[in-house]
Amino acid sequence: MSDLVIQKSNEVFLKVDCEPHIKYELRDHFSFEIPNKKFMPQYRNKHWDGFIRLYDVNKGTIYAGLLDKVIGFCKNYNYSYSFEDNKYYGLPFEENQMVSKEGVRDYMRSISRYEPRDYQIEGVHDALKCNRRLLISPTASGKSMMIYSLVRYYVAKKQNILIVVPTTSLVEQMHKDFADYGWDSDTYCHKIYGGKELETDKVVTITTWQSVYKLDRKYFEKFNVVIGDEAHLFKSKSLISIMTKLHHAKYRFGFTGTLDGTQTHKWVLEGLFGPSYKVTRTDELMRQGHLSQLDIQCLVLKHNSQRFETYEDEIQYLIGHEQRNNFITNLSLDLKGNTLVLYSRVESHGEIIFNMINNRKVNDRKTFFIHGGVGAEERENVRSITERESDAIIVASYGTFSTGINIKNLHNVVFASPSKSRIRNLQSIGRVLRKGKNKTKAVLYDIADDCNYKSRKNYTLNHFIERIKTYNEENFNYEILTINLRS
């Protein structure tokens, strides 16, 4: 008798039967402390100890995508293991031996008017071979081409497909990309967002997670394939709820440009989709000429010494700082090419910057203001107009334009609001990396603020230091310039 007996409960969970002491070892092995737990009300109120446990001792279950980690646990602790089939589901891991890399290359060429790149072929091949994968491929690497190829493959296999994306803009863009590759997406694809009809006879459903996460499990039973675009957002309870309701969906593929760097985040996503596969890197795509060359200008604004009691105090000081907003406005107006200015707070910052830019522009220069209240069609219209312009300025919230928006003819990005989020920063950088007609170079202007009080660094300066760490990890070229501001 093996120490651990592993079988599928369904396509979401594995059942791992073992002695009680091994169960507790599994629980501890798959437990992670949340880095920012001290800021969470549940922890402060002592309703939660700050740990996420991926193995349920009482049910004996763990996410199916963590099978390789369970096997690794057995090998590390010298435990024997065996797989047990059941009448509902097969063995936990079934590799598709019928898929060859050459066959994938020929197939991708046959369904698209664009020539697939080698790393795209390898990514699709690995996904089809393994049935479930978390594919990590940076922004502008052509994730939509890989998604399209998987969709076409499973449509040909007469499978129903659910594609989940984070924003209404991405629903429209995914649909448009499929048509651009040469498919009749209107015939095969149904779009869901903002109150659109949920039911359809079409084989592919493209939806925002907000539109379906409250639906009953029965709605999801027809889907055999689930694809999560921008899968780094799938760590919230609502998105996990969607994935667990898809208990019959054997084929699971997550796509993301980056993860947040924590093991918890990575293992939860791998549990939902499958083991991760690094498709390519941003610096490699630049070297190969697939992306624009990126220069980062880190502009550190030197303020008079300030002492802030809280992070919110500092943010309110910065977004209300007249000279700082003037600097952002003048910078945006002086830049050559199309420029995206990203901010965090709509009324107290974004609207102010937009009005300043709009009031000072000359000649009929196109300026746009984007926030969560702007509809998907209008955002798509802004994107389309910008592709035809040479000096447009888009002032947009991080939430609407930092993820997924595809503007090839974008030359500059300005970080007007400080952020330490690795995911948000890398996704935002991705907005400017796509190559366009006569565009081979892109520039990020990362605005930071030095308000140090004696030897104490201010909050957002520490966030800037975290961004510099990310730039070093990604091998980005950056320069730091200090600029004195008067109060």
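At-a-glance table
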read-out: DSSP bridge pairs, region 285-484: antiparallel proportion in percent, nearest 5; value: 10 percent
read-out: Three-way shape label, region 4-83, alpha-carbon gyration tensor, a/c 1.5; value: prolate
read-out: Whole-Hz ³J(HN,Hα) from phi, Karplus 6.51 cos²θ - 1.76 cosθ + 1.60, for region 377-382, glycine and proline x; value: 5, 5, 4, 5, 5, 4
read-out: In region 310-403, the trypsin sites (Lys or Arg not before Pro) that fall in loop regions by DSSP, at most 13 other Cβ within 10 Å; value: LYS336
read-out: Cut-off under 5 Å, modelled amide H: who pairs with THR167 long-range; value: none
read-out: Qualifying GluC sites (Glu not before Pro) for region 24-112 [loop in DSSP, other Cβ within 10 Å: at most 16]; value: GLU84, GLU94, GLU95
read-out: Cα-derived Rg to Rh of region 101-280, Kirkwood definition; value: 0.93
read-out: Ranked packing of 465-472, 37-44, most packed first, by mean Cβ within 10 Å; value: 465-472, 37-44
read-out: Region 215-226 - phi-based ³J(HN,Hα) in whole Hz, Karplus 6.51/-1.76/1.60, Gly and Pro as x; value: 5, 5, 3, 4, 4, 8, 5, 6, 8, 9, 10, 10
read-out: Cα-based helix-to-principal-axis angle, 101-111 vs the chain, degrees rounded to 10; value: 60 degrees
read-out: Peptide ranges 64-70, 187-193, 432-438 listed from the most packed, as the mean C-beta count within 10 angstrom indicates; value: 64-70, 187-193, 432-438
read-out: Mean separation of Cα contacts under 8 Å (6+ apart) over length of the chain, as relative contact order %; value: 15 percent
read-out: Percent of alpha-carbon pairs separated by more than 39 Å within the chain; value: 28 percent
read-out: Cα-based reach from LYS441 at 19 Å (exclusive), listing aspartates and glutamates while leaving out same-chain residues under 8 positions away; value: ASP283, GLU284, ASP295, ASP334, GLU387, GLU389, ASP391, GLU474, GLU479
read-out: Degrees separating the helix 118-130 axis from the principal Cα axis of the chain, which is the longest one; value: 30 degrees
read-out: Beta bridges per DSSP with both ends in the chain, % antiparallel, nearest 5; value: 20 percent
read-out: Residue-wise HN-Hα coupling along region 302-309, computed from phi with Karplus coefficients 6.51, -1.76, 1.60 (Hz; x: Gly, Pro); value: 8, 9, 4, 4, 9, 10, 10, 6
read-out: Only Lys, Arg (+1) and Asp, Glu (-1) charged, at Cβ; region 4-83 dipole about Cα centre in debye; value: 300 debye
read-out: Anisotropy class of region 285-484 from Cα gyration tensor, a/c 1.5 cut; value: oblate
read-out: Exposure proxy order (Cβ contacts within 10 Å, fewest to most) of LYS218, LYS8; value: LYS218, LYS8
read-out: Cβ-based exposure ranking for HIS371, HIS29, in which fewest neighbours within 10 Å come first; value: HIS29, HIS371
read-out: 0 to 90° range, to nearest 10: angle between helix 459-473 axis and the chain longest Cα axis; value: 60 degrees
read-out: Ordering of 133-146, 270-283 by packing [mean C-beta count within 10 Å, highest first]; value: 133-146, 270-283
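Every number here is computed from the coordinates shown, using simple stated rules; none is lab data. For clarity, every value in this text was computed on a predicted model and none was experimentally measured. Ideal geometry is used to build each Cβ from the backbone, glycine not excepted, and the neighbour counts take in all protein chains shown.
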